[in-house]
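Here's the structure we're looking at; comments come further down.
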Amino acid sequence: QVQLVESGGGLVQAGGSLRLSCAASGRAVSTLTMAWFRQAPGKEREFVAANSANTGNSYYADSVNGRFTISRDDAKNTVALQMNRLKSDDTAVYYCAARSGLARNDGRMYDYWGQGTQVTASS
């Protein structure tokens, strides 16, 4: 069983930066595809970014490409999401997710989820 715990959320002014972290236990992140999703109030959960364990490739939603970066630290068994130039539209609860196999942008394909961390970018 894999447990995921997010941290690093908070309140930031639009244009600012935040770094989210996801700590995994129960399995090495090096063997998992890791991803970030988010859900804003009244909206459906959406894909943000993923890093594939098999290929090392990273994928991003168009809305965050060029502003967000996903990275993993295998030694610490963590995954991070660096978020720069935040916009008010980025306000949401951010979730860390994991799965075996290649990266997917469909949350239904992920087996493990964290509890989420709130990110608020005020304009």
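Taking into account only those residues within segment 42-57 that are without any contact (Cβ under 8 Å) to a residue 12 or more places away in the chain and not charged (D, E, K, R), which is surrounded by the fewest Cβ atoms within 10 Å (Cβ to Cβ)? The qualifying residue surrounded by the fewest Cβ atoms within 10 Å (Cβ to Cβ) is Gly42. Restricting attention to segment 17-46, the residues being out of contact with any strand residue (DSSP E or B) (no Cβ under 7 Å at 6 or more places or on another chain) and either in a strand (DSSP E or B) or not acidic (Asp, Glu) (or both) number 7. What are the residues in segment 74-86 that are loosely packed, with under 14 Cβ neighbours inside 10 Å and either of a type in the set (Lys, Arg) or touching a residue at least 40 places away in the same chain (Cβ under 8 Å) (or both), if any? If the condition is that a residue be loosely packed, with under 14 Cβ neighbours inside 10 Å and either of a type in the set (Lys, Arg) or touching a residue at least 40 places away in the same chain (Cβ under 8 Å) (or both), then Asp74, Lys76 are the ones that fit. You will find that of Gly26, Gly9, the residue that is open to solvent by 30 Å² or more (accessible area, probe 1.4 Å), of a type outside the set (A, V, I, L, M) and either within 25 Å of Leu102 (Cα to Cα) or touching a Gly at 6+ places or on another chain (Cβ under 7 Å) (or both) is Gly26 and no other. Here Gly101 fits the description: open to solvent by less than 40 Å² (accessible area, probe 1.4 Å) and modelled with pLDDT under 95. Only one entry of Thr55, Thr69, Thr78, Thr91 meets the criterion of being within 19 Å of Ser21 (Cα to Cα), among the polar types (S, T, N, Q) and more than 13 Å from the chain's Cα centre (by Cα), and that entry is Thr91. Of all residues being under 16 Å from the mean Cα position of the chain (by Cα) and not hydroxyl-bearing (Ser, Thr, Tyr) in segment 12-23, which is most open to solvent (accessible area, probe 1.4 Å)? Just the residue, please. So, considering only residues that are under 16 Å from the mean Cα position of the chain (by Cα) and not hydroxyl-bearing (Ser, Thr, Tyr), the one most open to solvent (accessible area, probe 1.4 Å) is Arg19. Among strands (runs of 3 or more DSSP E) entirely within segment 50-123, having at least 2 residues that are in contact with a strand residue (DSSP E or B) (Cβ under 6 Å, 6 or more places away or on another chain), under 19 Å from Glu6 (Cα atoms) and β-branched (Val, Ile, Thr) singles out 68-73, 78-83, 117-122.
The values are calculated or read from the model by the stated rules, or taken from the named source; none is laboratory data. The model shown is predicted, which means the values in this text are computed figures rather than measured ones. Cβ coordinates were reconstructed from backbone atoms using ideal geometry, including for glycine residues, and neighbour counts include every protein chain displayed. Keep in mind that these areas ignore ligands, DNA and RNA; they rest on the heavy atoms of the full protein, side chains included. Shrake-Rupley method; radii C 1.70, N 1.55, O 1.52, S 1.80 Å.
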